[in-house]
Structures are given as C-alpha cells and as structure tokens.
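Beneath this line is the structure, given in structure tokens, with notes to follow.
The values are calculated or read from the model by the stated rules, or taken from the named source; none is laboratory data. Just so it is clear, the structure is predicted and the values come from calculations on it, not from any experiment. Here the Cβ positions follow ideal geometry from the backbone for every residue, glycine too, while neighbour counts run over all protein chains shown. Protein only, heavy atoms only, side chains kept; ligands, DNA and RNA dropped before computing areas. Shrake-Rupley method; radii C 1.70, N 1.55, O 1.52, S 1.80 Å.
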Amino acid sequence: MAETNKGLIIVNTGPGKGKTTAALGTAFRAIGQGLRVLMVQFIKGSWHYGELDTAKMLGEDRIQLLPMGRGFVKIGAEQPDPEDVRLVQQAWEFARGKILSGEYELVILDEINYAISYKMLDPAPVAEALKQKPENVHVILTGRNAHPSIVECADLVTEMREVKHPYQKGILAQRGIDY
Ligand code: ATP
Ligand code: MG
C-alpha cells in the first residue's frame, strides 16, 4: 500500500458540473508540489476562461494550458465536421507525445471523453498510450460519457451527478465560476 510516485489515470465524468474545475483544482495542488502541468483542451468553449490568464500568471515552466479545438462543436449533428475531427486528432497526437515523453508529471486531457463519445477520436489508441505512459506521469481525462475502455484502464473514476444547477432556474454562466 505504501507505493510512492504512482502516476494515476484519473477520469472526471458524468453530467454534473465540476469535471474541468476539479482537474484545475488538482493542477493547483500539483503546481505547489513542483509538478509540471500540461492541460490540452480538446474542445474549446466560447468564453475566455479565467484559467488561461491564471496559467500565464503562473508561467509556462509551471503550467501550460493549450486550447487546441475550435469553438463549440455542433452537437446533434449526424457526422462531426471534418475540420473539428482534424483538430481533435492533431490535439491528440500532440498530447500523446507529451504524455509519453514524461516532460510533464500531470497531463490533463480536457473534454477528451466528449471528443471520443462524438466519434471524433478512436478510444483504442488513447487507452494504448495510457497503458504505455511513464510510471511517474499522472493523466486526468475529463468530459461526459467516458468510454468503457478508458474507465477500464483508469485508477480513479469520479462521476459528477447533478443535484441542482443554476441553469435550471435560468441563471446563465457566471464569470469566475463557469469561465
Ligand atoms: P466546469 O468547467 O464548470 O467544471 P464541467 O467540466 O463539469 O464544468 P462541461 O460538460 O465541460 O462541464 O460543461 C462546461 C459548461 O457547462 C460550464 O459552463 C458548466 O457550468 C456548464 N454545465 C456543466 N454541467 C451542467 C449542467 N448539469 N447543467 C447545465 N450546465 C452545465
Ligand atoms: Mg469541462
């Protein structure tokens, strides 16, 4: 039980709020411990997220936050837009290289579960890379509908459950809380 420096595969999934913010909270903790952090955002939201500026304040030697997708991907469309697929693939190739290089002790793949569930990315090479990752590297995968093969190779899986969300009362996204 006293194993130290075991790089974990962590999944934050489920329909409730807090998947990305929990990953950022872990980053905050990890930076304090001197771990180098990389966060690759597979699906870029439409807001200017506060964490982009926080990362710049902390400096690239501590945390790098890279939005690599386009704005909101159209959901409900039968086929994903080929341009979105290309950007997701490119983001994955980049992230895969960084995970395997061991350059960062914490790599966050933000919204990768969403990209997989919308068939923009094949889960098999992701699971394969996770199995080959260097021992000391922690990886967090966020997004709804985590694929069973990703859940299978994870060490820690948390499903956020919605109990209440302000959106139900018509309260829109709040600066500093949602973006
Ligand atoms: P956050 O980034 O706030 O931690 P998340 O990563 O859990 O949220 P996403 O699926 O990435 O959730 O959605 C991001 C945006 O959608 C956020 O602005 C968030 O407040 C909002 N959101 C998340 N969950 C819900 C929900 N259950 N109902 C309505 N809006 C939600
Ligand atoms: Mg999110």
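Structure notes:
- Charge dipole of the chain (Cα centre as origin; +1 on each Lys and Arg Cβ, -1 on each Asp and Glu Cβ, all else neutral): 480 debye, rounded to the nearest 20.
- Summarising the amide proton neighbourhood of residue 138: residues at separation of 5 or more, or on other chains, whose placed amide H is nearer than 5 Å comprise 8, 106, 107.
- Cross-link reach list, lysines versus residue 169, counting only Cα pairs under 20 Å and skipping chain neighbours closer than eight places: 17
- Within a straight-line Cα-Cα reach of under 23 Å, residue 133 can be paired with the following lysines, leaving aside sequence neighbours fewer than 8 residues apart in one chain: 6, 19, 98.
- Annotation: extensible slack from residue 124 through residue 158 equals 10.1 nm (criterion: 0.36 nm per residue apart, minus Cα-Cα distance).
- Residues residue 6 and residue 178, FRET efficiency given R0 of 35 Å [Cβ-Cβ distance, rounded to 0.05]: 0.60
- When the solvent-accessible area of the chain is split by element, carbon and sulfur atoms take up 53 percent of it, the probe being 1.4 Å.
- The alpha-carbon positions of the chain define a convex hull whose volume is 126 Å³ per residue.
- Note, ³J(HN,Hα) from phi for segment 161-167, Karplus 6.51, -1.76, 1.60, rounded to Hz, x at Gly and Pro: 10, 7, 9, 8, 9, x, 4
- A 1.4 Å probe run over the protein chains yields, for the chain, 59 Å² of accessible area per residue, whole-number rounding.
- Other-chain or far-sequence residues with amide H under 5 Å of residue 63's (modelled H): 37
- Here the 3J(HN,Hα) profile of segment 7-17, calculated from phi with Karplus coefficients 6.51, -1.76 and 1.60 at θ = phi - 60°, is x, 9, 9, 10, 10, 10, 9, x, x, x, 6 Hz, Gly and Pro shown as x.
- When each of the peptides 22-33, 157-168, 53-64 is scored by how many other beta carbons lie within 10 Å of its residues on average, the order from highest to lowest is 22-33, 53-64, 157-168.
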